[in-house]
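The values are calculated or read from the model by the stated rules, or taken from the named source; none is laboratory data. All values reported here derive from a predicted model rather than from experimental measurement. Cβ placement follows ideal geometry from the backbone for every residue including glycine, while neighbour counts extend to all protein chains displayed.
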Amino acid sequence: MSAAGPLIWLHFRSRRVPPALAALGACAVALWAALEYHWSFGGAGGATDIPMIIEGAAAAIIAVTTHGPFGESERATGRWLPFLRLSMALALSGAAIGLLALAAAVAYSPQTGVYLYSGVLGVAQNVVGFAGIGLIFSLVTGGMIAWTGPLGLVVINQFALIANYSEPLTWAARPATDRGGWISAVVVCAAGLAAFTIRGPRVRPSGE
Amino acid sequence: MTATAARDARLARPSVPLLVARVLRMEIRHSAFVWVIPLMALLFFYDPFRTASGYANLWTLRTSVVLNKFWPDCVPFAAGFATWVGSREGRRNVGDLLGTTARAAWTRQLCSLAGTLAWVLGTFLAGVAALYVATATAVTWGGPPIWPAVVGTVSLIAVCAFAFTLGALFPGRFTAPIVAVGILVLVLAVFSKAVSQGGVSVTSLSPDGLVPGNDAGIFYPVAPDVSIVQVMFFAGAALGAVGLLGLSPRTGGVGWRGALDPASAGGTRLRIVATAVFAAGVALAVAGFGLAATARVSSVTGNLEVPALHDSASDKAIPYAPVCAEASGGFQVCVHPAYKNYLSQAVSSFSPVMAEVSGLPGAPVRAVEVFAQTLPADLLNANANGVVAGTPPVYKFTMANAITLEPNAAQFRDGFQQDIVHSVIVGPAGKMVTTQQSGPVYQPDTGTAAQQAVVNGLLKAIGSASYPAGLSAGNPSAQLRQQQAEIATAATRFAALPATTRHAWLTANLAGLKAGRITLADVP
């Protein structure tokens, strides 16, 4: 067991987890600024549009960390790789939710109307759902361009906010207490986590 | 050198265009953008295509989704993939290796950018073509506007060039998603500003803006002023980004000092070209920005115009031959040929109301569609469709409010019927009054209680919704609520009368009713 710590650390470093945490920190700062300075695009999704994009950016960062530099050869190294993948995805999702929730808590000031409309529940729902899409995309496109999945879903949800569309994948445009939205997000996250844990990201011929 | 050796040398060294074509082909074949095309197709059908299919069958309106919906769909992915390709050499740490190649880094990078652009523009133009073909099968008048496609293409080139340069300057696996999200936020923020300011001044640079009115490009041509300014600005931005790419030492260029130093590497021609491209780009973008600051709404056409570029030919009305049909009693309804698809719907809206009011003093003898801008703006803001005016009275109407972004047959019918009944029984829909607090404001004239009862009775008889009561927001007083209940009762009573009885009563009493001499109790 003494080798577990260095193994996890090496795995995380090879996936650029430290810079990813810094990028997630930047997302948290952006969320704090968006709440503190009342950034909004206006219109129907006034209170949720910017936080949703920031949550999508956090998920995109998580998706990009799925790429490993060792390609196929890493798959022959033993039975711990799936657990390392799972632990990294869970750790980064948890860190993203925690950092964004912390940013919302720091900015929280109901007297001046500064608070996260969807609450921490909404942050958690969106981060796990968007990250799940990112993990699924990493199986198809490879980890380095898996950010397209969360980004595409964010764009769809922005349209859903504006045009009032309601489909299973538009949970981010619905209230955080919506049960159907939670079911969709959790199913997507579970499917993404399971598939990513078992198969790992696609390794393209270019190594990316 | 013998002739054979010279021929072999020519064969061994292909021409520059052939080399460029080979590199470009390789870039296109290996582009990762192909992975995102299914997602782009999903996005295209999810919003732009679905939205356009719901809009009225009019070229300008339907094709507005090219820039309002499809363009913002493409932007984050175009930016992300351009960044991704731009950061490739830095990400893979092959800068030193590629430093030994015969061609300048700039040439190589422009081929990579062109490969990405081929996919981005191919996807964008395929979507535009699908939209235009679908629109062409639905519209009855006019032709496809070219400017949305041109502006979209040039602005996507600018987005890709800018993002590519960012990728080359800051290579890394996180650069692409960060740039994509950053540009998405920027696009949405500028769009929001453009909508809130009506798209005038510098916000006119946003390709993504307000949805045009139904009459845009129908009675008057859409002036290309703003599109030209947008093309100038984005072409300048693209050239500036490409020039920067050639100059920055971080991307393999000659550097800022190198650009001015005749002894620096990269070759004199490369330095001159990169500097000239950068300078021309900045100049063009600044000129575009300056011109956009003067953009304003034309009082004649309602279009955005830029005075320095404006061609007075854009202010001349487009000649057309109206299409007409007859409603009941020979009541003629004429519309612009662009609205030919809505003529039968208009006729069936006018028929029942004209059967009720024809022959009464002030009843229109025909209905003619006119340009929305020629009707009082406040009338349109009050959601009316037109006015009855002239001798003999003619109902001049617009489709601006009748056909909403999500067409509603009941709203279409009720609007015309309410206008005509109100005009015959009460008179003009309202008037401008000057108040001390807020200056000139539009004051709707809903009429006396008896007039309201007759108006609503007639509308009820023909199956139309009641005329908007014009109640102020909030909880009406008990007295007002009681009066509204009495009006509703009288309206129901009047609607229940046989049509001939109603008409006979109106013929005998309309003058008194309009003059306010008839009370609610007098309404049969």
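For segment A:145-161, which residues satisfy the criterion of being more than 7 Å from chain B (Cβ to nearest Cβ), among the hydrophobic types (A, V, I, L, M, F, W, C) and either in a helix (DSSP H, G or I) or closer than 11 Å to A:A173 by Cβ (or both)?
A:L153, A:V154, A:A160, A:L161
Could you please give the count of residues in segment B:35-53 that are in a helix (DSSP H, G or I) and at pLDDT below 90?
2
Which residue, of A:A105, A:A59, A:A89, A:A101, is within 14 Å of another protein chain (Cβ to nearest Cβ) and in a helix (DSSP H, G or I)?
Exactly one of A:A105, A:A59, A:A89, A:A101 is within 14 Å of another protein chain (Cβ to nearest Cβ) and in a helix (DSSP H, G or I), namely A:A59.
Sort out for me the strands (runs of 3 or more DSSP E) sitting completely within segment B:388-448 that have 2 or more residues that are of a type in the set (F, W, Y).
B:394-397
Tally the residues that are within 11 Å of another protein chain (Cβ to nearest Cβ) and either within 16 Å of the chain's Cα centre (by Cα) or part of a loop (DSSP other than H, G, I, E, B) (or both), restricting the search to segment A:162-172.
Residues that pass the stated criteria total 5.
Give me the residue from segment B:175-232 that is acidic (D, E) and under 13 Å from the mean Cα position of the chain (by Cα) and, out of that set, nearest to A:V154 (Cα to Cα).
The qualifying residue nearest to A:V154 (Cα to Cα) is B:D208.
Which residue, of A:R85, A:R75, A:R15, is of a type in the set (K, R) and closer than 18 Å to B:T175 by Cα?
A:R15
Among the residues of segment B:188-202 satisfying the criterion of being in contact (Cβ under 8 Å) with a residue 60 or more places away in the chain, surrounded by 19 or more Cβ atoms within 10 Å (Cβ to Cβ) and more than 10 Å from every other protein chain (Cβ to nearest Cβ), which is farthest from B:N385 (Cα to Cα)?
Applying the filter and picking the extreme gives B:V202.
Output the number of the condition that B:A180 fails; it satisfies all remaining conditions of (1) over 22 Å from A:G149 (Cβ atoms); (2) within 13 Å of another protein chain (Cβ to nearest Cβ).
If we test B:A180 against (1) over 22 Å from A:G149 (Cβ atoms); (2) within 13 Å of another protein chain (Cβ to nearest Cβ), just (1) comes out false.
Could you tell me how many of the residues in segment B:166-225 are under 30 Å from B:F412 (Cβ atoms) and part of a helix (DSSP H, G or I)?
Here the count works out to 4.
Those residues that are at pLDDT 90 or above, surrounded by fewer than 21 Cβ atoms within 10 Å (Cβ to Cβ) and over 21 Å from B:P392 (Cα atoms), I need them from segment B:320-377; list them, please.
B:Y320, B:A321, B:P337, B:K340, B:N341, B:L343, B:S344, B:Q345, B:S348
Has segment B:38-49 got at least one residue that is farther than 30 Å from B:V65 by Cβ and surrounded by fewer than 16 Cβ atoms within 10 Å (Cβ to Cβ)?
no
Can you confirm whether B:A79 is of a type in the set (A, V, I, L, M, F, W, C), more than 14 Å from chain A (Cβ to nearest Cβ) and either out of contact with any strand residue (DSSP E or B) (no Cβ under 8 Å at 6 or more places or on another chain) or assigned to a helix (DSSP H, G or I) (or both)?
It is false that B:A79 is of a type in the set (A, V, I, L, M, F, W, C), more than 14 Å from chain A (Cβ to nearest Cβ) and either out of contact with any strand residue (DSSP E or B) (no Cβ under 8 Å at 6 or more places or on another chain) or assigned to a helix (DSSP H, G or I) (or both).
Could you tell me whether segment B:192-212 includes any residue that is within 27 Å of A:V64 (Cα to Cα) and of a type in the set (V, I, T)?
Within segment B:192-212, none of the residues are within 27 Å of A:V64 (Cα to Cα) and of a type in the set (V, I, T).
Here is a list: B:T123, B:T153. Which entry is in a helix (DSSP H, G or I), surrounded by fewer than 23 Cβ atoms within 10 Å (Cβ to Cβ) and assigned by TED's automatic domain parsing to the domain that holds B:D73?
B:T153
Residue under question is B:K460, and the condition is that it be under 30 Å from B:D315 (Cα atoms) and of a type in the set (D, E, K, R); does it hold?
No: the conditions fail for B:K460.
Among the candidates A:G122, A:G132, A:G181, single out the residue that is at pLDDT 95 or above, more than 14 Å from chain B (Cβ to nearest Cβ) and surrounded by 22 or more Cβ atoms within 10 Å (Cβ to Cβ).
So the residue among A:G122, A:G132, A:G181 that is at pLDDT 95 or above, more than 14 Å from chain B (Cβ to nearest Cβ) and surrounded by 22 or more Cβ atoms within 10 Å (Cβ to Cβ) is A:G132.
Being free of Cβ contacts under 8 Å to residues at least 60 places away in the same chain and more than 30 Å from the chain's Cα centre (by Cα) is true for just one of B:T137, B:T100, B:T153. Which residue is that?
It is B:T100.
Since A:G142 meets every condition but one in (1) more than 10 Å from chain B (Cβ to nearest Cβ); (2) closer than 26 Å to A:E72 by Cα, which condition does it not meet?
It is condition (1) that A:G142 fails.
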